């Protein structure tokens, strides 16, 4: 290699000298210019040799024969925990805790076998998690998971100062059977709360009715009057019923003066008639003027009152021309169904004429021929 470099240097020097001579002859160099051209012709080969000289190797020659060793992988200081049981605020209910524990040792070398930094880090993370779960009810496991995720998200040293530990990918859950039991208990508690409110409401209502409203007949009448202040006649008609309710509520006999309405004897008046002067709809489902000895209404007043209530609710005031016709149709329907006595009372009250005028379509046998062709037999 050195011989070739020398040959190149001689060849380059000769070329530079020849070029300098040619340029000097053509340009008629001065004597001192010939000296500068000669020096330049000598320096050019030296510079070329310096630039082409081989450089020293970066790796010493004695090291170039050794193979490249692999770089040892960096140790990952983390460990995965799966379904570790942590106690909750309730006995016999535990959380299942899963997380990835990460740590960073302080003083011990990575290959020091006298210290287990992973075990120390796991114990530290579990101790910090247990402080939160021990104060959490089982039903709040979803909220506790977020609290643990925040509490374990920072590197913190253990009590001995051996490692910094933290946890990521935190998951907290309940056993499926425990979760179903909690849902059943919650449903029972809700039903029990509703039942307790209903019981208290019923107790309050019973105390109000038994201790205030039905304390005596006078209190019951005043209470009923407050609810029907615009219907004084109705309150008067219901005094007997209120007396019976008061006596039953207090386990007492009905007073003699309230057993029958005023002006009536102990014998029922079976020939009683409905009072046409009474306002429509004054009859109610509990009492009417004309009580029998057993405390109930006379039979004649039941049908008439029901028909009057029907007329009142339908807008057929007394004197309406359709009232007799509708009453006869109701009587015919009752007679057909086998209730001839009620039909007779309704006809007697609304059509007292014993020989009513025959109507178109009337049957000579006493029935009425309907448009459909069905004959209704009137009861005798």
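Tabulated results
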read-out: Relative packing of peptides 202-214, 166-178 - highest average C-beta neighbours within 10 Å first; value: 166-178, 202-214
read-out: Protection-proxy order for peptides 322-335, 227-240, each taking the mean of Cβ atoms within 10 Å per residue, highest first; value: 322-335, 227-240
read-out: Per-pair calculated FRET efficiency, R0 = 51 Å: residue 228 and residue 98 via Cβ, rounded to 0.05; value: 0.10
read-out: Packing-based ranking, highest mean first, of 135-148, 76-89 given that Cβ atoms within 10 Å are counted; value: 135-148, 76-89
read-out: Isotropically averaged projected area of segment 2-54, using the convex hull of Cα atoms (one quarter of hull area), nm²; value: 3.5 nm²
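Computed from the coordinates by the stated procedures, all read-outs in this text should not be read as laboratory data. None of these values were measured; they are calculated from a predicted model. Glycine gets a Cβ as well: all are built from the backbone with ideal geometry, and neighbour counts include every protein chain shown.
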